[in-house]
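Here's the structure we're looking at; comments come further down.
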């Protein structure tokens, strides 16, 4: 491996390690604030008001069923295998560095949630019967972490590779639906979701900074290869046309 490439990989590794610790630090600091405020187990009054307002909201039966199903697409249970499939596709099409970026991001997303849930065994709200998919402790919301970090990273990757902008709208809708559904189903305090969004955003930002030089270099390289292939193909077509004319 050339010396420059080695330095770039080392830089990316250090950024990821620092960013992971920083994301954990954000979650720890917010948890300590909640504990110091004395609202760790019962929630703040504004959280009770918000949860009750969401719970009283009347929604059609199909929307209620959607809130039970859609969160499955914002959890690491489904995002991890999907990320692995996407990484395999990227490697097969010559985007090995981008694939590493995606896998590192996904592993960090999964473990950030698991580590803090292990440290802080916050009970979930019991204002009404909890529904849908949930596991472990309430803090932080793993759905929120994953819904910020993974879909927006994929959207940015697709924008860099294809110039597509619509994945950003899909990622934003996914984040809003997942966050709202966690409150609607009564499985998280709003502060759990806030913590997840903050941690996910921090991890997203740092991994983008960490892998940007590697991703950008690879995307430029693949574009040159594609353009060269089109040029060569065009040259062959012209040559064939000349031969036929003779």
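For residues that are part of a helix (DSSP H, G or I), free of Cβ contacts under 8 Å to residues at least 12 places away in the same chain and more than 15 Å from the chain's Cα centre (by Cα), tally how many sit in the range 160-182. Total meeting the criteria: 2.
So which residues in the range 85-110 are surrounded by fewer than 19 Cβ atoms within 10 Å (Cβ to Cβ), without any contact (Cβ under 8 Å) to a residue 40 or more places away in the chain and within 17 Å of residue 207 (Cα to Cα), if there are any at all? Within the range 85-110, 103, 107 qualify. Please verify whether the range 192-212 includes one or more residues that are part of a helix (DSSP H, G or I), more than 30 Å from residue 10 (Cα to Cα) and touching a residue at least 60 places away in the same chain (Cβ under 8 Å). Checking the range 192-212: at least one residue is part of a helix (DSSP H, G or I), more than 30 Å from residue 10 (Cα to Cα) and touching a residue at least 60 places away in the same chain (Cβ under 8 Å). In the set 119, 62, 67, 134, only one residue is surrounded by fewer than 16 Cβ atoms within 10 Å (Cβ to Cβ), closer than 15 Å to residue 185 by Cα and either more than 15 Å from the chain's Cα centre (by Cα) or modelled with pLDDT under 90 (or both); that residue is 62.
Do the conditions hold for residue 25, that is, is it under 22 Å from residue 145 (Cα atoms) and in contact with a helix residue (DSSP H, G or I) (Cβ under 6 Å, 6 or more places away or on another chain)?
no
The number of residues in the range 34-70 being under 19 Å from residue 116 (Cβ atoms), in contact with a helix residue (DSSP H, G or I) (Cβ under 9 Å, 6 or more places away or on another chain) and in a helix (DSSP H, G or I) comes to 2.
The values are calculated or read from the model by the stated rules, or taken from the named source; none is laboratory data. If you're wondering where the values come from, they're calculated on a predicted model, not measured in any experiment. Every residue, glycine among them, receives a Cβ derived from its backbone with ideal geometry; neighbour counts consider all protein chains shown.
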